[in-house]
1. Tell me which residues, restricted to the stretch 183-195, are surrounded by 17 or more Cβ atoms within 10 Å (Cβ to Cβ) and of a type outside the set (A, V, I, L, M).
2. So if I check each of 97, 80, 70, 76, which one is touching a Phe, Trp or Tyr at 6+ places or on another chain (Cβ under 7 Å) and either in a strand (DSSP E or B) or closer than 28 Å to residue 123 by Cα (or both)?
3. Among what's in the stretch 83-94 and is open to solvent by 40 Å² or more (accessible area, probe 1.4 Å) and in a loop (DSSP other than H, G, I, E, B), pick the residue that is nearest to residue 139 (Cα to Cα).
4. Checking the structure you have, find out if any residue of the stretch 147-162 is loosely packed, with under 12 Cβ neighbours inside 10 Å, of a type outside the set (A, V, I, L, M, F, W, C) and touching a helix residue (DSSP H, G or I) at 6+ places or on another chain (Cβ under 9 Å).
5. Which ones in the stretch 1-27 are buried (at least 17 other Cβ atoms within 10 Å of the Cβ) and part of a loop (DSSP other than H, G, I, E, B)?
6. Give the residue that is surrounded by the most Cβ atoms within 10 Å (Cβ to Cβ), with candidates limited to residues of the stretch 100-113 that are part of a loop (DSSP other than H, G, I, E, B) and small (Gly, Ala, Ser).
7. Would you point out which residue out of 199, 176, 180, 116 is in contact with an Asp or Glu (Cβ under 6 Å, 6 or more places away or on another chain), open to solvent by less than 60 Å² (accessible area, probe 1.4 Å) and under 28 Å from residue 95 (Cβ atoms)?
Amino acid sequence: MKSKKFLYLTIDTASDLNSVAVLLNGETLSVRQLKSERGQGEVLFSLIQEVLNEAKKTPADLTHIVASIGPGSFTGVRIGLATARALGLALNIPVIGIDNFTATAWRCPSAVTVVLDTKRADYFTQDFDKNGHAISKPSIQTSTQLQKKLPFVAIGSGANKLAEVISCATLPNTPLAINLGQIAYTQKKLTLPPHPFYLKDADVTL
């Protein structure tokens, strides 16, 4: 008897580096990553079509949709989740959410502080041990506050920006879409409903 196959379409648009992937039982079949600070909605569907074509799959083959839920770009989170929900509804398959702290810290070789860019004068942060377990609550911190925590290893969309200010060590980022699929397949307890995770309200000027 053959084991069940899980084919995931994964979507991360919470930062300015969008990524989309197709994974079969946690193994990456195709991935695309594109820097896009604005206009995620304009490029997202083309990226989805590209990864499906490369993986030689159709939307009907998918068993799950996985999306990052933030924190990150207010608009990006909403676009990614709206797209994931629409696809899940159209295909009648589950939609899974995973927060960006957990996705960023996935399989890091050491303890890390996940540092996500807020596009302001502070950062979304959370600490993880070497096994990828969260050891602090999500928070918003300035570079001055983070400097008091040195030494630590930073990873995430704001890590390089922070390192220019306080000279912390950093790790390179992998496309979060890959991490989303691996977590969804192997660590179901880390998955969440597909609802936005915000630590701050959006900047809105009327």
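The values are calculated or read from the model by the stated rules, or taken from the named source; none is laboratory data. What you see is a predicted model; the values in this text were computed from it and never measured. Positions of Cβ are generated from backbone atoms using ideal geometry, with glycine treated the same way; all protein chains shown enter the neighbour counts. The accessibility values were calculated without ligands, DNA or RNA, using every heavy atom of the protein model including side chains. Shrake-Rupley method; radii C 1.70, N 1.55, O 1.52, S 1.80 Å.
1. 185, 191, 194
2. On the way: 97 fails: touching a Phe, Trp or Tyr at 6+ places or on another chain (Cβ under 7 Å); 80 fails: touching a Phe, Trp or Tyr at 6+ places or on another chain (Cβ under 7 Å); 76 fails: touching a Phe, Trp or Tyr at 6+ places or on another chain (Cβ under 7 Å).
One residue alone meets the criteria, 70.
3. Per the stated criteria, the residue is 94.
4. Checking the stretch 147-162: not a single residue is loosely packed, with under 12 Cβ neighbours inside 10 Å, of a type outside the set (A, V, I, L, M, F, W, C) and touching a helix residue (DSSP H, G or I) at 6+ places or on another chain (Cβ under 9 Å).
5. 13, 14, 15, 16
6. Filtering the stretch 100-113 down to residues part of a loop (DSSP other than H, G, I, E, B) leaves 106-111.
Pick out the ones that are also small (Gly, Ala, Ser) and you get 110-111.
On the way: 110: 12, 111: 16.
Selected residue: 111.
7. On the way: 199 fails: in contact with an Asp or Glu (Cβ under 6 Å, 6 or more places away or on another chain); 180 fails: in contact with an Asp or Glu (Cβ under 6 Å, 6 or more places away or on another chain); 116 fails: in contact with an Asp or Glu (Cβ under 6 Å, 6 or more places away or on another chain).
Step by step, each of 199, 176, 180, 116 is checked, and only 176 is in contact with an Asp or Glu (Cβ under 6 Å, 6 or more places away or on another chain), open to solvent by less than 60 Å² (accessible area, probe 1.4 Å) and under 28 Å from residue 95 (Cβ atoms).
Yes or no, residue by residue, for (1) more than 15 Å from the chain's Cα centre (by Cα); (2) more than 21 Å from residue 173 (Cβ to Cβ):
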| residue | (1), (2) |
| --- | --- |
| 24 | yes, yes |
| 31 | no, no |
| 54 | yes, yes |
| 60 | yes, yes |
| 72 | no, no |
| 78 | no, yes |
| 92 | yes, yes |
| 95 | no, yes |
| 100 | no, no |
